[in-house]
Amino acid sequence: MKKMVNIALPKGRLGEKTYGLLKIAGYPCPSIEETNRKLIFENEEVGVRYFWVKPSDVAIYVERGAADVGIVGKDILLEYDPDVYELLDLGMGKCRMAVAGPKNFRDPAGATLRVATKFPNIAKTFYTGKCRDIDIINLNGSIEIAPILGLSDVIVDIVETGTTLRENNLEVLETIVPISARLIANTASYKFKFEEINAIRQSLGEQVNKS
């Protein structure tokens with residue numbers, strides 16, 4: 001009997017695009033396409049159970065076994081370092097983690113660099129590698145305003161098009177790492193549902209290679 005694979009999809013455009021890819025890959029679920037308020041959607045015939053969760057929570061559901069696999073941004077994996085297997089780069093949701101600041105910014109050598117960010121661990125890792133002393137300012141909202149008001153010297157954030165930066169007279173100073181959506185798996189599930197999970201990985205990989 002085919003084992004059901006629980007799949008955590010991130011709410012929003014990325015999750016919808018990912019489901020579209022899964023559907024083409026042979027894992028459709030008609031009920032997820034209906035207008036309703038259901039939280040869990042199943043297709044026993046193909047052996048999948050989908051559910052929508054907040055993008056930043058996907059890795060938690062997968063790490064703790066509530067989901068066997070999930071789709072999550074590389075930024076989440078780098079920031080929280082969850083105990084999961086990273087199986088496939090889906091090549092979607094492409095952007096980059098970058099350092100940005102005022103145009104013509106010059107790093108004040110000898111002084112502590114003030115860094116505003118939603119990603120303190122990524123920022124710490126990056127600047128530790130450069131042996132740079134920093135003061136991290138944790139913010140949750142639009143952090144572009146921090147260097148404009150003098151709260152920070154630079155910011156570390158996700159940059160997609162750079163439009164918001166340009167409109168606020170900021171620019172990318174350094175790219176830290178490229179970001180895209182990844183297929184991840186729970187470590188125990190990957191062992192006990194290897195055949196089913198690997199089939200999903202292979203089918204998705206074929207679709208990614210076609211695009």
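The values are calculated or read from the model by the stated rules, or taken from the named source; none is laboratory data. In this text, all values refer to a predicted model and were calculated from it rather than measured experimentally. Using ideal geometry, Cβ is built from the backbone for each residue, glycine included, and neighbour counts are taken over all protein chains shown. All accessible areas refer to the heavy atoms of the entire protein, side chains included, with ligands and DNA or RNA removed. Shrake-Rupley method; radii C 1.70, N 1.55, O 1.52, S 1.80 Å.
Computed values, structure above
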read-out: Failed item in (1) under 30 Å from Gly26 (Cα atoms); (2) part of a helix (DSSP H, G or I), with Arg182 passing the rest; value: (2)
read-out: In segment 180-206, the residues that are open to solvent by less than 10 Å² (accessible area, probe 1.4 Å) and either of a type in the set (Val, Ile, Thr) or on the phi > 0 side of the Ramachandran plot (or both); value: Ile184, Ile197, Ile200
read-out: Those residues of segment 153-172 which are within 25 Å of the chain's Cα centre (by Cα) and within 18 Å of Arg106 (Cβ to Cβ), in sequence order; value: Val154, Ile155, Val156, Leu165, Leu170, Glu171, Val172
read-out: Filtered residues of segment 34-57 (kept if open to solvent by less than 40 Å² (accessible area, probe 1.4 Å) and within 24 Å of the chain's Cα centre (by Cα)); value: Phe41, Val48, Tyr50, Phe51, Val53
read-out: Scan of segment 84-108 for residues that are farther than 24 Å from Tyr19 by Cα and among the acidic types (Asp, Glu), ordered by number; value: Asp107
read-out: Pairs, first assigned to a loop (DSSP other than H, G, I, E, B) in segment 36-49, second open to solvent by 90 Å² or more (accessible area, probe 1.4 Å), C-beta under 7 Å, six or more apart; value: Gly47/Lys2; Gly47/Lys3
read-out: Verdict on Ser142 being surrounded by 15 or more Cβ atoms within 10 Å (Cβ to Cβ) and either in contact (Cβ under 8 Å) with a residue 12 or more places away in the chain or not in a strand (DSSP E or B) (or both); value: no
read-out: Residue count for segment 62-84, restricted to those that are open to solvent by less than 30 Å² (accessible area, probe 1.4 Å), within 16 Å of Arg49 (Cβ to Cβ) and not in a helix (DSSP H, G or I); value: 5
read-out: Filter result (touching a residue at least 60 places away in the same chain (Cβ under 8 Å) and outside any helix (DSSP H, G or I)) within segment 161-176; value: Asn169, Leu170, Glu171, Val172, Leu173, Glu174, Thr175, Ile176
read-out: Residue, most open to solvent (accessible area, probe 1.4 Å), within segment 147-160, restricted to residues that are assigned to a strand (DSSP E or B) and among the hydrophobic types (A, V, I, L, M, F, W, C); value: Ile158
read-out: Residues of segment 1-33 that turn out to be in contact (Cβ under 8 Å) with a residue 24 or more places away in the chain, open to solvent by less than 30 Å² (accessible area, probe 1.4 Å) and either touching a Phe, Trp or Tyr at 6+ places or on another chain (Cβ under 6 Å) or among the basic types (Lys, Arg) (or both), as a count; value: 3
read-out: Residue within segment 125-133 that is touching a strand residue (DSSP E or B) at 6+ places or on another chain (Cβ under 7 Å) and either assigned to a helix (DSSP H, G or I) or under 15 Å from Leu87 (Cα atoms) (or both) present; value: yes
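So that you can scan it fast, the table gives a plain yes or no per residue for (1) in contact (Cβ under 8 Å) with a residue 60 or more places away in the chain; (2) open to solvent by 40 Å² or more (accessible area, probe 1.4 Å):
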| position | (1), (2) |
| --- | --- |
| Lys94 | yes, yes |
| Met97 | yes, no |
| Pro102 | yes, yes |
| Ala109 | no, yes |
| Val115 | no, no |
| Asn121 | no, yes |
| Gly129 | no, yes |
| Asp135 | no, yes |
